[in-house]
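Have a look at the structure below, then the notes.
Here, each number is a calculation from the coordinates, and none is a lab measurement. This one's a predicted model, so the numbers in the text were calculated from it and none came from an experiment. Note: ideal-geometry Cβ built from the backbone for every residue, glycine included; neighbour counts use all protein chains shown.
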Amino acid sequence: MPTSAPLRPTHDDEYEDLLGLWGDLESGLSVLLSRPQNVVDFGAKVRQFDQWLQDLVAHDIDSALYLMFQLAATSTVGYSTSHALVCGTLCHIMAREFGLPVTERNALVRAALTMNIAMTRLQDELAAQREQPSPAQKEAINAHPHRSQDLLVQLNITNGLWLDLVGQHHERVSERDPLHSLSEVDRLTRILGTIDRYAAMISPRKSRPGRSATDSVRALVEMDQRDEVGLVLVRTVGLCPPGSFVRLDNGDIAVVLRRSAKPNLPLVASIVDRGGKLLTEPRLHQTMEGKPRIQSALARNAVTVELNHRTMVRLGLFAAMPELTTQPAAL
């Protein structure tokens, strides 16, 4: 488990460590959530992980999104931790977009990281099983918000807003009411609930593959086109966010590297040509500048290529920041 937050890199070589820092955050969070009673000063550790997350997102939001979406689809530490990290990251980003005061932002992100803490093992089991939940499992699922809240109290968490959010994170707050008209806890519950559903949609389980990020966010918006949270999520992460896969209208399969000023026209890198051949060197395309364009989004299970994430992150950075001196070439 980490003892301090990583320093923000100051030159291009240090971007090489970004994947390792995200991996360390994910593995450390797994220990925290799977054995919380064994953690000395649990609240301080959650705050530490929250600060680490903030530092990594501040480092470069597009790289953070790329690695978050990739890790969500290929996590080695378990579904529950991966889901918590995706939710925490997106809640942090959305809190900035909505201009939430720091007290609300902190409660929202820390609730996102810990809302399923009473069913960490069960959540991993459910993700790995093909059959529907048993009656006992359904009972545990229904009870977990309040059980998680009770467990946090036992772990000496005293922040009332954090605890309330965990206890009611499965409550549906009407999407028709403007966020500013809601109480503090209902406003944050609605943000957390939307992100929780989105993260669940994109993450694969044995019983079903994950949806593409595009299909997931469209599904959220189509539930109610007046939903501020879904619309801001589209605007912020994009229809095809960094780390997702797409098919281009030239037949290539590409991975999205960075967002652009338009949510549906990101920077992408072709990795497989129209004939299904793996490209030895990825080909960059600024879809906002013209051809090729994105034809469709792809779910992670539709792409069998194993990417070198350090290379892909640096490739996106090189395109966005020409002052970097070394361009990566191979996958």
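Could you check the simple spin-label distance between LYS291 and ASN250, using points 7 Å along Cα→Cβ, in nm with one decimal?
0.9
For q values of 0.15 Å⁻¹, compute log₁₀ I(q)/I(0) with the Debye formula on a Cα-only model of the stretch 238-331, without solvent.
Cα-only, vacuum Debye calculation for the stretch 238-331: -0.51.
Which whole-Hz couplings ³J(HN,Hα) result when phi for each residue of the stretch 95-105 is put into the Karplus expression 6.51 cos²θ - 1.76 cosθ + 1.60, θ = phi - 60°, listed in order with x for Gly and Pro?
These are the phi-based 3J(HN,Hα) values: 4, 5, 5, 7, x, 5, x, 4, 5, 6, 4 Hz.
Using square roots of five times the C-alpha gyration tensor eigenvalues, list the equivalent-ellipsoid semi-axes of the stretch 12-237 in whole Å, biggest first. Display every interim value, and only then the final one.
Values: eigenvalues 98, 95, 82 Å².
Semi-axes (√(5λ), whole Å): 22, 22, 20.
Could you derive backbone 3J(HN,Hα) for the stretch 264-272 from the dihedral phi with the Karplus parameters 6.51, -1.76 and 1.60 (θ = phi - 60°), listing whole Hz in sequence and x where the residue is Gly or Pro?
So the J values, rounded to whole Hz, are 9, 9, x, 7, 10, 10, 5, 10, 9.
In what sequence, highest mean first, do 262-269, 83-90 appear when ranked by Cβ atoms within 10 angstrom? Show your work: numbers first, answer last.
On the way: 262-269: 20.0, 83-90: 25.9.
Most protected by this proxy first, the peptides run 83-90, 262-269.
Apply 1/(1 + (r/R0)^6) to the Cβ-Cβ distance of GLN132 and ALA58, taking R0 = 41 Å, and write down the FRET efficiency to the nearest 0.05.
Values: r = 41 Å, r/R0 = 1.01.
FRET efficiency, GLN132 to ALA58: 0.50.
Using Cα-Cα distances under 8 Å and only pairs 6 or more residues apart, what relative contact order does the stretch 12-237 have, in percent? All intermediate terms of the calculation are to be shown ahead of the outcome.
On the way: 245 pairs, mean separation 45.5, N = 226.
Once divided by the residue count of the stretch 12-237, the mean separation gives 20 percent.
Which ³J(HN,Hα) values in Hz, rounded to whole numbers, follow from the phi angles of the stretch 163-175 under the Karplus curve 6.51 cos²θ - 1.76 cosθ + 1.60, where θ = phi - 60° and Gly and Pro get x?
Calculated HN-Hα couplings, in order: 5, 5, 4, 5, x, 10, 5, 9, 6, 8, 9, 3, 6 Hz.
For the residue pair ASN142 and ARG283, what label-to-label distance in nm results when each label sits 7 Å from Cα along the Cα-to-beta-carbon direction?
5.5
What nm distance separates the two modelled labels at ASN308 and ASP41, each placed 7 Å from Cα along Cα→Cβ?
4.2
Rank by packing, highest mean first: peptides 62-72, 288-298, 100-110, with packing defined as the count of other Cβ atoms within 10 Å averaged across residues. Write down the numbers at each step before the final one.
Working: 62-72: 24.5, 288-298: 14.7, 100-110: 19.3.
Top of the packing list down: 62-72, 100-110, 288-298.
Report, in debye and to the nearest 20, how large the dipole of the stretch 112-193 comes out about its Cα centre when Lys and Arg carry +1 and Asp and Glu carry -1 on their Cβ. Can you show the working numbers first?
Details: 8 positive and 11 negative charges, 23 e Å.
So the dipole magnitude of the stretch 112-193 works out to roughly 100 debye.
Quick check on packing: order 179-191, 161-173 by the mean number of other C-beta atoms within 10 Å, highest mean leading. Each step should come with its number before you reach the end.
On the way: 179-191: 17.7, 161-173: 20.0.
Result, highest mean first: 161-173, 179-191.
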